[in-house]
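The values are calculated or read from the model by the stated rules, or taken from the named source; none is laboratory data. Keep in mind that what you see is a predicted model, and the values were worked out from it rather than measured. For neighbour counting, all protein chains shown are included, and Cβ atoms are generated from backbone atoms with ideal geometry for every residue, glycine included.
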């Protein structure tokens, strides 16, 4: 049996106890304040948890409505919801209500993708492990229809393509957990959020958890980064998304879940072993289980069972350190895919300190500033080119400029469509979102992308107008020459 499994069953720490007490908590508080300044975090709440309960809570900064962050401030938790959903689904499996290795169609008969034969092989376990073959995309998530239910996604999936064979490759997709929510509703005949509350949240003491649009009304606004500054905005809520990213609550709710996952009661050891088992490799020394990631904590040489995630305006992490019998939860009220490394390293740094190691956050990623700079420069070039092309429309047609015009037009007809494709499709896909959702996550990049797309389209139209005008002028000249002869 793996060492981690023995630890979960026995509760015995494998290593010497890390530092504890006021000195450790003071250092963790200092680190949190430093990270707030370095990463421009407007508000932050974190907790240190042991099996006996929460031993320290730190709250700093302000919410999007101007109030102080307190232990009662609710946040949205993003994909931490997946770990909570996995807890519910594995509990239902242990109770015999469903089978993890049964096909999804056993519970959702109308579930089928474009390739119905292959999609019929997708099991609940594949959904939990993120090995269903469904693509990483937000095409089916982050909606704000107040009447939306998880099962509403089924007709949309009829045209979806698999990107790998079911059960073979890890492709992280919230659609997997949206489908799990629909399975729970089909099996129980009740709303997913209600089942989750009755079977997981309430028994674990997560009494102020956010599980509905009504609950979300008490969540202060989150923030997005706009040219490097955190700016508050009204957060939308997906009522069908509780199972994949729109669960929330205060730091105490997240701490209660971490305590149970650590072995403090409420989740059986067998269930925790099943969830934490490294089912699929996602990178060097990185694995995904059933709704949980398993890595080794840098600098501490200790297993780290964790999950993190973003919803628009918020970021969260739950990090379990089984060998230390300790956990750390982090909630912040800002999110951005291009700042993800810095956000993750805030939670990892707290976990390093909690394990007795030094916090070693990575250097800031310059990709965000570089991307903004490139887009601004590109927009300036396109505006200048559009202005020069517009001026060309007012000048007399030159008979000796045919080849130069042909070459310039060929260049623009090659470059501009490639640019349109790259910005409209490739860039959003690399960020894991659709073009229409880009502003939801990175508004500054979205505005620049929209500006570049609009200006590039204008330039293309102007270039075609120049060509049409030139061709017309040449024809008139040829006609005039023929008449003179």
Residue check: is residue 202 surrounded by 16 or more Cβ atoms within 10 Å (Cβ to Cβ) and within 17 Å of residue 84 (Cβ to Cβ)?
no
Close pairs (6 angstrom Cβ cut-off, 6 or more residues apart or separate chains): assigned by the TED database to the domain that holds residue 293 in the range 80-93, modelled with pLDDT under 95 anywhere
80/309
With the structure loaded, tell me whether residue 149 is in contact with a strand residue (DSSP E or B) (Cβ under 7 Å, 6 or more places away or on another chain), surrounded by fewer than 20 Cβ atoms within 10 Å (Cβ to Cβ), modelled with pLDDT of 95 or more and in the same structural domain as residue 288 (by the TED database) or whether it fails that test.
no
Going through the range 346-370 in order, the residues found to be under 21 Å from residue 254 (Cα atoms) and touching a helix residue (DSSP H, G or I) at 6+ places or on another chain (Cβ under 8 Å) are 346, 349, 350, 353, 354, 355
Out of (1) assigned to a helix (DSSP H, G or I); (2) at pLDDT below 85; (3) within 20 Å of the chain's Cα centre (by Cα), the odd one out for residue 364 is which?
(1)
Of everything in the range 303-339, what is over 19 Å from residue 45 (Cβ atoms) and under 15 Å from the mean Cα position of the chain (by Cα)? Give them in sequence order.
337, 338
For the range 195-214: of the residues being in a helix (DSSP H, G or I) and out of contact with any helix residue (DSSP H, G or I) (no Cβ under 9 Å at 6 or more places or on another chain), which is farthest from residue 250 (Cα to Cα)?
198
Return the residues of the range 372-390 that are under 29 Å from residue 437 (Cα atoms) and surrounded by fewer than 16 Cβ atoms within 10 Å (Cβ to Cβ); say none if nothing qualifies.
373, 374, 376, 377, 380, 381, 383, 384
Of the residues that make up the range 213-222, is at least one surrounded by 24 or more Cβ atoms within 10 Å (Cβ to Cβ), assigned by the TED database to the domain that holds residue 55, under 30 Å from residue 376 (Cβ atoms) and touching a strand residue (DSSP E or B) at 6+ places or on another chain (Cβ under 6 Å)?
yes
Unmet requirement for residue 435, which otherwise passes all of (1) at pLDDT 70 or above; (2) over 30 Å from residue 222 (Cβ atoms)
(2)
With (1) assigned to a helix (DSSP H, G or I); (2) not assigned by the TED database to the domain that holds residue 242 as the list, and residue 346 as the residue in question, which single condition is left unmet?
(2)
Of (1) closer than 30 Å to residue 355 by Cα; (2) crowded, with 19+ Cβ neighbours inside 10 Å, residue 122 fails just (1)
Here is a list: 406, 354, 410, 369. Which entry is surrounded by fewer than 18 Cβ atoms within 10 Å (Cβ to Cβ) and either modelled with pLDDT of 85 or more or under 30 Å from residue 28 (Cβ atoms) (or both)?
369
Report yes if residue 179 is surrounded by 19 or more Cβ atoms within 10 Å (Cβ to Cβ), under 30 Å from residue 428 (Cβ atoms) and either in contact (Cβ under 8 Å) with a residue 40 or more places away in the chain or assigned by the TED database to the domain that holds residue 90 (or both), otherwise no.
yes
With at pLDDT 95 or above, touching a helix residue (DSSP H, G or I) at 6+ places or on another chain (Cβ under 9 Å) and surrounded by fewer than 20 Cβ atoms within 10 Å (Cβ to Cβ) as the only criterion, which of 103, 74, 42 stands out?
103
For residues that are at pLDDT 85 or above and surrounded by 16 or more Cβ atoms within 10 Å (Cβ to Cβ), scanning just the range 458-474, find the one that is farthest from residue 394 (Cα to Cα).
458
